[in-house]
Structures are given as structure tokens and as C-alpha cells.
Amino acid sequence: MTSLLRAAGVCYSYAGAEVLHRVDAALAGGEITAIVGPNGSGKSTLVEILAGVRQPTDGRVERRGGVALVVQRARVPQTLPMTVRDAVAMGTWGSRTGRREAAHAVEVALDRVGMADLAGRSLHALSGGQRQRALVAQGIARDAEILLLDEPAAGLDAASRERMREILTIEAACGRAVGWVTHDDEDLAIADRVVHLAHGRRVM
């Protein structure tokens, strides 16, 4: 498959400490790449660099397509009234699609994660697993070629983690390049590639 994202020799330092050292990685369309390693190994920093949220101290990242980043348990103030549909629609902000196309993308994303029947419910009334699925739907609605996720299933029960694996498998089958930070060894069963980090270096 064609690589849609490629990182070469990526380094990153913060407050004088080296977080990543010469990391190479490639994400291909139609494939799932698992990014694994112990706490503090630089996984979240790497995915933020791949997404363009952070800039590497050295090295380069090449992207062939748009990027959607799904963060771990994004916080939404309880005082901010927001339905599931509202949250998913945020994924279309800044896109060049028209209003009708954006609305259609939201409905497709809600259906893809199995939350069409909860679209009008308050985001604050959802369970942890449902909220994470809504965040993934937000990334899907962006309709980007590259979907990056930072531990979207962390802290969820076994059924919710399995549902997350099913969703990402479908997204890869649709041709997206999926990069997934995870601590769960069971997630490796659906991965086509694995980037294993230790002490900021790629060891596998």
C-alpha cells in the first residue's frame, strides 16, 4: 500500500531532555499501525508530531493527505451544552466542504461508530465508552486520509475496546491510514505494522 505519512529521523527535545531520538515510521493507506511502548517512551509526543501539532526538533514528516487527530479523553466543560451531533460536527470545522456535505459527513460518522440513535443526547450524559466513540466519530467526520488516535480505548471495558477495534478496522478498510497509540496487547491482532518505542527510540 502507498505510504500516506512518513517520518524520518524524528527527534524531539523538551526542557533540555531528549524525548524522541531519530524515530522512523510510515503509515500506509488501508493499514493500521499500532504505536506501543511503556509509559514515558514518547508515544503521545510522536503521534502529535505525526499530526503536526508539535514540530520535531530534527528530522522530517511528510504527509500525503489531511490528518485527523483523536486525543485521549478530551475534556468538555460541564457548563457547555453540547449534543453528540454537535461534538461530531466539530470535526468538520475548517474543512472546505459545504454545509450540506459537512452535515452528511457527520451523519455518516455517527452511523459508522453506531451512535446515530444517540445523536441528540447530551455529550455529558454518555458513558466513557460512548464518549470515546463520539470523539472517534469527530475524527471520521473530518474525512481525512490519515486518522491518528492517542489511546482512544484507555480505561474502557473489554466490550468497548472490542468495539473500538472494529471501528478502526472499518476505517482502514475504507482506505485510511490509521495510527493508533495503545497499551493493550490485544490491539496488536488488528495491526498491520507496529512501531515499538522505548526511551524515545524505535526498537521494533
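The values are calculated or read from the model by the stated rules, or taken from the named source; none is laboratory data. None of these values were measured; they are calculated from a predicted model. Ideal geometry is used to build each Cβ from the backbone, glycine not excepted, and the neighbour counts take in all protein chains shown.
Candidates VAL106, VAL194: the one that is touching a residue at least 12 places away in the same chain (Cβ under 8 Å), β-branched (Val, Ile, Thr) and under 23 Å from SER3 (Cβ atoms) is VAL194. Under the condition of being small (Gly, Ala, Ser) and in a loop (DSSP other than H, G, I, E, B), the residues counted in segment 137-158 number 4. Out of all the residues in segment 1-56, which are of a type in the set (A, V, I, L, M), over 19 Å from the mean Cα position of the chain (by Cα) and surrounded by fewer than 17 Cβ atoms within 10 Å (Cβ to Cβ)? Across segment 1-56, the qualifying residues are MET1, ALA8, ALA15, ALA17.
Output the residues belonging to segment 159-204 that are in a helix (DSSP H, G or I) and either within 19 Å of THR45 (Cα to Cα) or among the hydrophobic types (A, V, I, L, M, F, W, C) (or both).
Narrowing segment 159-204 to residues in a helix (DSSP H, G or I): 159-173, 185-190.
Of everything in segment 159-204, those that are in a helix (DSSP H, G or I) and either within 19 Å of THR45 (Cα to Cα) or among the hydrophobic types (A, V, I, L, M, F, W, C) (or both) turn out to be ALA159, MET164, ILE167, LEU168, ILE170, ALA172, ALA173, LEU188, ALA189, ILE190.
Given the structure, is LEU147 at pLDDT 90 or above, touching a helix residue (DSSP H, G or I) at 6+ places or on another chain (Cβ under 8 Å) and not basic (Lys, Arg)? It is true that LEU147 is at pLDDT 90 or above, touching a helix residue (DSSP H, G or I) at 6+ places or on another chain (Cβ under 8 Å) and not basic (Lys, Arg). Just to be sure, is ARG85 surrounded by fewer than 18 Cβ atoms within 10 Å (Cβ to Cβ), out of contact with any Cys (no Cβ under 6 Å at 6 or more places or on another chain) and of a type in the set (Lys, Arg)? When the stated conditions are applied, ARG85 does not pass them.
Scanning for something among the polar types (S, T, N, Q), within 27 Å of THR182 (Cα to Cα), in contact (Cβ under 8 Å) with a residue 24 or more places away in the chain and touching a Lys or Arg at 6+ places or on another chain (Cβ under 9 Å), does segment 82-90 turn up at least one residue? I'd like the intermediate steps shown before the answer.
Kept after step one, since they are among the polar types (S, T, N, Q), are these residues of segment 82-90: 83.
Retained after the next criterion (residues that are within 27 Å of THR182 (Cα to Cα)): none.
The answer is no; no qualifying residue exists.
Of the residues ALA125, ALA119, ALA134, ALA189, the single one that is in contact with a Lys or Arg (Cβ under 6 Å, 6 or more places away or on another chain), hydrophobic (A, V, I, L, M, F, W, C) and without any contact (Cβ under 8 Å) to a residue 60 or more places away in the chain is ALA119. One residue is enough: does segment 150-169 have a residue meeting the conditions surrounded by 14 or more Cβ atoms within 10 Å (Cβ to Cβ), more than 24 Å from ASN39 (Cβ to Cβ) and of a type in the set (Asp, Glu)? No.
For segment 106-136, the tally of residues that are of a type in the set (A, V, I, L, M, F, W, C), at pLDDT below 95, in a helix (DSSP H, G or I) and crowded, with 19+ Cβ neighbours inside 10 Å stands at 4.
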